[in-house]
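The values are calculated or read from the model by the stated rules, or taken from the named source; none is laboratory data. None of the values given here were measured: they were computed from a predicted structure. So basically every Cβ, Gly included, is an ideal-geometry build from the backbone, and we count neighbours across all protein chains shown.
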Amino acid sequence: MDAIAIKTVGLTKKFKDLMAVDHVSIEVKKGEIFGLLGPNGAGKTTLIRILCTLAQPTEGSATVAGYDIVKEEGKVREHIGLVSEKMIMYDQLTAKENLKLFGRLYDIPKNQLENRIYDLLKVVNMEKWADKQVGTFSTGMKQRINVIRALINQPDILYLDEPTLGLDPQSSSEIREFIRKINLENKTTMILTTHMMVEADLLCNRIGIIDYGKIVALDTSSNLKRMVSGTDTTVVELEIPNLTIEITSHIKSLTSVQNLTQSDDTHIKVQAKGDEAFDDIIDTIRKDHGKITFIKNLEPSLEDVFLHITGHEVRDQPGNKVKIPMQHGPRRMVESRIR
Amino acid sequence: MVNIKRTLRHSMWICGKDLLELTRNRLALVLLVLMPIFMMAMVGFIFPSSTSIKNTPVAVANLDKGIYGNMFVLSLEQVNNQTGIMDLRNATDFDDIKMQIQEGTLSAGIIISENFSSDLMAGKQGNITIITDQTNPQLSLTLQSVLSEVIKQLGVLYSINAFNLTYSQVVPYNTQTGGIIPGNPNYFQFMAPGIMSMVVMMALMTGLPHAISYEKDKGTLDGMLVSPVDRMSIILGKTLAQIVRGMLQGVIILLLAILLFGVHIYGSIWLVFFILFLDVFSFVGLGILITSFTSKEENATMIMMTLMFPMMFMSGVFFPIQQMPLAMQYIAKALPLTYATTAMRKVMVIGADIPAIWNELLFLIIFGIVLLIVAIPLFKRGMRR
């Protein structure tokens with residue numbers, strides 16, 4: 001058996017003069033959770049739509065589960081499931097009716113379908129709600145049904161396009177838990193798109209960072225982080241209530257210290273290099289009678305990775321349809337989530 | 001063969017899903033029944049017929065000084081007591097009638113001329129003028145003909161009495177009017193077939209783009225597109241559901257027309273259903289065509305409305321096509337609704353059989369097929385952007 005679930009070669013999608021997907025060549029291994037990380041409008045959804053045969057590439061080719069996405073779209077469809085940004089279900093139908101309808105479209109025999117629906121509902125703790133109309137559900141409940149709907153044909157490959165978008169933290173973690181469980185138990189290959197660094201970090205085996213339609217970096221989460229920091233760099237955050245100028249200047253004068261920033265009267269952030277760096281810093285502070293009340297070793301986040309690689313922060317990019325004005329400041333994330 | 005069966009099976013499921021959704025939507029269900037009732041009641045009661053005229057306020061201004069004027073008024077009252085057509089009042093002269101019509105308290109006036117008696121005695125015709133309210137042309141027209149008929153009859157009676165003649169001597173020709181089926185069709189009989197074919201068209205034209213664009217907007221269409229079902233199943237299933245809905249409305253109108261409004265079907269009821277079906281069929285392609293051009297539900301609905309209204313009024317549903325200017329008649333002849341309405345009318349009102357409506361049926365079939373041939377590839381292409 002081939003160990004590659006998805007392979008794309010120079011995959012490109014143009015919308016008039018906008019390159020939504022720009023010569024993407026990736027390989028997704030069987031059984032892995034592959035993250036596509038990037039701001040809204042970076043081309044994640046378009047890439048997913050091409051890979052699940054909803055859109056045709058302008059250029060390049062791709063195989064999914066060993067089938068060509070253009071020439072063998074029917075075959076591809078049999079092997080995939082899609083959880084898209086918009087929930088695929090009918091509010092006026094009950095949870096069971098929804099699952100049944102989609103199951104029937106895959107020609108699953110009646111008895112088998114009944115059992116599968118029952119099992120899936122059980123996995124997400126929704127058996128009690130089987131005969132209730134989906135429209136009466138909370139967003140979190142709906143998303144649970146939406147995810148098991150995509151699993152009704154027991155796909156080899158599951159596409160998850162922003163699966164936790166608009167969910168509260170609790171529902172988000174439930175869905176993530178469930179995704180991980182399915183991945184482990186069924187060995188389902190998953191492609192997950194997200195603009196949330198935390199989510200990619202939590203779920204994905206490998207992450208492809210996508211920016212303006214291009215894959216700009218692709219590796220495991222820890223390797224990506226290492227790209228920013230180098231192996232022997234440490235960043236520590238310290239809280240020193242009796243912080244003085246002497247302390248800071250003494251730390252700065254250490255040879256191992258590369259950078260020091262002071263965020264307020266009592267907090268400093270120190271970036272240092274070498275094995276001894278940590279000890280040196282603490283010794284220096286103690287010598288100046290500084291009192292350490294809080295210390296935290298800061299690992300670079302994926303956010304730092306994104307910044308490092310693309311040279312700009314994670315922010316919405318003007319897409320093919322929605323023109324989102326560039327926004328800075330704290331409201332940015334909130335707005336992009338609402339969309 | 002296996003593929004066709006599979007496509008059909010899938011389309012049945014999709015159709016079933018759409019209908020299930022419809023039955024869960026109470027408002028939509030109520031409107032499904034209510035809309036035809038409104039339609040029928042509206043067109044049924046808005047247009048007056050000679051039988052619907054009762055107690056219409058009519059004033060008589062008797063300017064005549066002699067006895068014949070009074071005699072005429074008396075006999076008019078006598079006739080009116082039997083028929084109850086008018087609510088008779090007195091008026092002094094033309095200006096009085098004019099004022100009352102302007103105020104809206106009168107629908108018509110009858111003026112007996114100053115020289116009525118003397119003219120009659122001199123062997124001349126006595127002049128009677130009927131004045132009607134021109135702001136209501138339909139009612140005016142009906143009143144004019146009713147009143148003229150009453151006055152003519154009174155004239156005949158006068159001749160018989162005054163000159164001692166028999167009825168056949170005064171009115172030697174006996175004319176009888178009638179169509180090719182017995183009885184006088186009322187306005188409903190004329191309207192019902194048109195309304196039926198129109199409502200069925202409307203159901204499809206608004207229903208199909210809604211059904212598809214709505215799912216496109218909501219993203220649920222992706223769920224079907226990403227599954228291994230044939231695209232044909234989706235169009236077919238959606239269309240089937242709309243056909244069922246349209247036919248259902250057609251049947252509701254038919255039942256209402258028969259039970260509530262006394263419409264009689266002279267032709268075969270199966271033929272009526274067949275025409276209803278062809279009517280729907282001829283619009284399926286148009287519906288799909290518009291859906292594949294528009295990505296948003298709003299746009300689809302807007303285009304539908306723009307097309308529907310002219311079609312409604314130009315297809316002879318409300319007004320006979322023969323009354324229209326020549327240019328409009330040509331347009332009317334290109335619209336499928338015209339043919340559906342004509343065929344339906346011929347079957348329902350004058351009991352026509354298939355050979356008599358062959359041209360109409362053929363046009364509907366060809367129109368439907370041509371549009372489908374154009375629409376389906378476009379729809380399939382539109383699904384994959």
| Which number in (1) at pLDDT below 90; (2) within 17 Å of residue A:38 (Cβ to Cβ); (3) part of a strand (DSSP E or B) marks the one condition that residue A:165 misses? | (3)
| message | Consider segment B:3-32. How many of its residues are surrounded by fewer than 17 Cβ atoms within 10 Å (Cβ to Cβ), of a type in the set (Val, Ile, Thr) and more than 11 Å from every other protein chain (Cβ to nearest Cβ)? | response | 2
| said: If the requirement is being over 29 Å from the mean Cα position of the chain (by Cα), at pLDDT 85 or above and surrounded by 12 or more Cβ atoms within 10 Å (Cβ to Cβ), which of these qualifies: A:245, A:240? | reply: A:240
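Is there a residue in segment B:134-145 that is on the phi > 0 side of the Ramachandran plot and not aliphatic (A, V, I, L, M)? Working first, answer last.
Narrowing segment B:134-145 to residues on the phi > 0 side of the Ramachandran plot: none.
Within segment B:134-145, none of the residues are on the phi > 0 side of the Ramachandran plot and not aliphatic (A, V, I, L, M).
Residues are listed down the side, and each one gets a yes or a no for (1) closer than 30 Å to residue B:215 by Cβ; (2) within 14 Å of chain A (Cβ to nearest Cβ); (3) of a type in the set (A, V, I, L, M, F, W, C):
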residue	(1), (2), (3)
B:294	yes, no, no
B:305	yes, no, yes
B:309	yes, no, yes
B:316	no, no, no
B:334	no, no, yes
B:340	yes, no, yes
B:344	no, no, yes
B:351	no, no, no
B:361	no, no, yes
| field | segment B:127-154 - residue that is outside any helix (DSSP H, G or I) and of a type in the set (Val, Ile, Thr) and, of those, farthest from the chain's Cα centre (by Cα) | value | B:128
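Here is a list: B:219, B:194. Which entry is within 27 Å of residue A:84 (Cβ to Cβ) and not polar (S, T, N, Q)? Explain how you work it out, then say what you get.
Details: B:194 fails: within 27 Å of residue A:84 (Cβ to Cβ).
B:219 is the lone residue from the list that is within 27 Å of residue A:84 (Cβ to Cβ) and not polar (S, T, N, Q).
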| request: Scan segment A:125-158 residue by residue and report those that are more than 14 Å from chain B (Cβ to nearest Cβ) and either on the phi < 0 side of the Ramachandran plot or crowded, with 22+ Cβ neighbours inside 10 Å (or both). | output: A:126, A:127, A:128, A:129, A:130, A:137, A:138, A:139, A:140, A:141, A:144
| field | Residue that is nearest to the other protein chains (Cβ to nearest Cβ), among those in segment A:87-111 that are surrounded by fewer than 19 Cβ atoms within 10 Å (Cβ to Cβ) and either modelled with pLDDT of 95 or more or assigned to a loop (DSSP other than H, G, I, E, B) (or both) | value | A:92
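Which of the residues that make up segment A:269-308 are among the basic types (Lys, Arg) and over 35 Å from the mean Cα position of the chain (by Cα)?
Start the filter on segment A:269-308 by keeping residues that are among the basic types (Lys, Arg), which leaves A:269, A:273, A:286-287, A:291, A:296.
Residues satisfying the conditions are A:286, A:287, A:291.
When you scan segment A:112-124, how many residues do you find that are within 13 Å of chain B (Cβ to nearest Cβ) and buried (at least 21 other Cβ atoms within 10 Å of the Cβ)? I'd like the intermediate steps shown before the answer.
Taking segment A:112-124 as the starting set, the residues that turn out to be within 13 Å of chain B (Cβ to nearest Cβ) are A:113.
Filter once more, keeping what is buried (at least 21 other Cβ atoms within 10 Å of the Cβ): none.
So the answer is 0.
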| query | Looking at this structure, is residue B:356 assigned to a helix (DSSP H, G or I) and of a type in the set (Gly, Ala, Ser)? | reply | yes
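Taking helices (runs of 4 or more DSSP H) that do not extend beyond segment B:155-253, which have at least 1 residues that are under 20 Å from residue B:290 (Cα atoms) and within 14 Å of chain A (Cβ to nearest Cβ)? Steps first, answer last, please.
Details: elements: B:167-170, B:187-218, B:220-225.
Because the criterion is at least 1 residues that are under 20 Å from residue B:290 (Cα atoms) and within 14 Å of chain A (Cβ to nearest Cβ), the helices (runs of 4 or more DSSP H) in segment B:155-253 that meet it are B:187-218, B:220-225.
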| field | Criterion: at pLDDT below 90 and within 14 Å of residue B:155 (Cβ to Cβ) - qualifying residue of B:71, B:86 | value | B:71
| query | What number goes with the only condition from (1) over 18 Å from residue B:146 (Cα atoms); (2) within 33 Å of the chain's Cα centre (by Cα) that residue B:117 does not pass? | reply | (2)
| Hey, among A:59, A:97, which residue is more than 21 Å from the chain's Cα centre (by Cα) and farther than 20 Å from residue B:382 by Cα? | A:97
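Residue-wise test of (1) over 23 Å from the mean Cα position of the chain (by Cα); (2) at negative phi; (3) in contact (Cβ under 8 Å) with a residue 40 or more places away in the chain; (4) crowded, with 20+ Cβ neighbours inside 10 Å.
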{"site": "A:5", "(1), (2), (3), (4)": "no, yes, yes, yes"}
{"site": "A:8", "(1), (2), (3), (4)": "no, yes, yes, yes"}
{"site": "A:30", "(1), (2), (3), (4)": "no, yes, yes, no"}
{"site": "A:35", "(1), (2), (3), (4)": "no, yes, yes, yes"}
{"site": "A:45", "(1), (2), (3), (4)": "no, yes, yes, yes"}
{"site": "A:49", "(1), (2), (3), (4)": "no, yes, no, yes"}
{"site": "A:67", "(1), (2), (3), (4)": "yes, yes, no, no"}
{"site": "A:76", "(1), (2), (3), (4)": "yes, yes, no, yes"}
| request: Just give me the residues in segment A:54-79 being more than 7 Å from every other protein chain (Cβ to nearest Cβ), outside any loop (DSSP other than H, G, I, E, B) and not aromatic (Phe, Trp, Tyr), in sequence order. | output: A:59, A:60, A:61, A:62, A:63, A:64, A:68, A:73, A:75, A:76
